[in-house]
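The values are calculated or read from the model by the stated rules, or taken from the named source; none is laboratory data. This is a predicted model, so every value here is computed, not measured. Glycine gets a Cβ as well: all are built from the backbone with ideal geometry, and neighbour counts include every protein chain shown.
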Amino acid sequence: MLLQSILTQRIIFLLIVQVWPIFYGSYFAYKLLKRAKNRSTYTLSSLFILNSITYIFATTSIFVLNTPFAYISYIIGIYFYVFCHCFFVIFSWVLVKLDKKSAYWKFHLIITFYGVISTYVFLIGFYFNGIKYDSSTNWIPTYNWFFSIFSWVFLLIFLLIPQIYYSLKLLKVFEGIILKRRINMFLASVFLELGVVFSVFLYHTLVDNQIYRTIASLIMPVTSTIAAYLIYKSFGKELE
């Protein structure tokens, strides 16, 4: 019955788009952890692993449509989507503190902090109906303006501003032409991906704007792939 519904083409498209990040995220994480196991590689690989988990839950939600598990899987996926991008800031902090060898408790505290504050997805998305994903929306994930605006403010305060701060610090810490090229590539990829994250929330809010949604659905997957590759290429290959 599912393949005969009006959702068939959209589901097939989503499966293709969502399975691809699982593949490249897992691949980059594997390459990182295979090469070395230290705080830097753990942090960077966590970004790719959590991003893969995001799309695993999102894909699972498609296979369990018309059940309560669809919404549960989807909202868990959004939580990991927000949380995984917090590792941009965490990784930048690790790079800045690379020579100082900061205590591990600070490292774990920062991760825990971002993990906790990212739970706003459940609070506003579920308890305040910020995210709707059921038959009433034709199984199209829909965000209300309150949830999206809150998410943008969250991203601005806890991701974008700290990332700008650490980006300026990184430009001072790393010297030499090769390292400058690497850091510039890393920062370009980070802000490129953060632009995609902002766009994702707008995509699910402007559900009636088919022009924007069509353009975004074509651009965002490509942009995220390029950003992921540049992140790995910049520091993932030879980071000690």
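Conditions (1) within 28 Å of F69 (Cβ to Cβ); (2) modelled with pLDDT of 95 or more; (3) surrounded by 13 or more Cβ atoms within 10 Å (Cβ to Cβ); (4) out of contact with any His (no Cβ under 6 Å at 6 or more places or on another chain), marked per residue:
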{"site": "K172", "(1), (2), (3), (4)": "no, no, no, yes"}
{"site": "L179", "(1), (2), (3), (4)": "no, no, yes, yes"}
{"site": "I183", "(1), (2), (3), (4)": "no, no, yes, yes"}
{"site": "Y203", "(1), (2), (3), (4)": "yes, no, yes, yes"}
Result of the Cβ filter at 9 Å on segment 94-112, keeping first residues that are at pLDDT 80 or above and of a type in the set (A, V, I, L, M) and partners that are surrounded by 16 or more Cβ atoms within 10 Å (Cβ to Cβ) and part of a loop (DSSP other than H, G, I, E, B), at least 6 apart or interchain, is L95/F174; L95/L239; I110/C86; I111/C86
Here the qualifying pairs (Cβ atoms under 6 Å; residues six or more apart or on different chains; first in segment 21-41 and farther than 19 Å from A227 by Cβ; second at pLDDT 90 or above and of a type outside the set (F, W, Y)) come out as L33/S45
Of the residues in segment 153-165 that are buried (at least 16 other Cβ atoms within 10 Å of the Cβ) and out of contact with any Leu (no Cβ under 8 Å at 6 or more places or on another chain), the one that is farthest from F128 (Cα to Cα) is P162
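Which one of I215, I226, I183 is under 18 Å from S167 (Cβ atoms) and out of contact with any Gly (no Cβ under 6 Å at 6 or more places or on another chain)? Full working, then the answer.
Details: I215 fails: under 18 Å from S167 (Cβ atoms); I226 fails: under 18 Å from S167 (Cβ atoms).
Exactly one residue qualifies, and that residue is I183.
Residue under question is V82, and the condition is that it be closer than 20 Å to A228 by Cα and assigned to a helix (DSSP H, G or I); does it hold? Give the derivation first.
On the way: closer than 20 Å to A228 by Cα: yes; assigned to a helix (DSSP H, G or I): yes.
Yes: the conditions hold for V82.
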Would a scan of segment 150-169 turn up a residue that is at pLDDT below 95, among the aliphatic types (A, V, I, L, M) and farther than 30 Å from T214 by Cα? yes
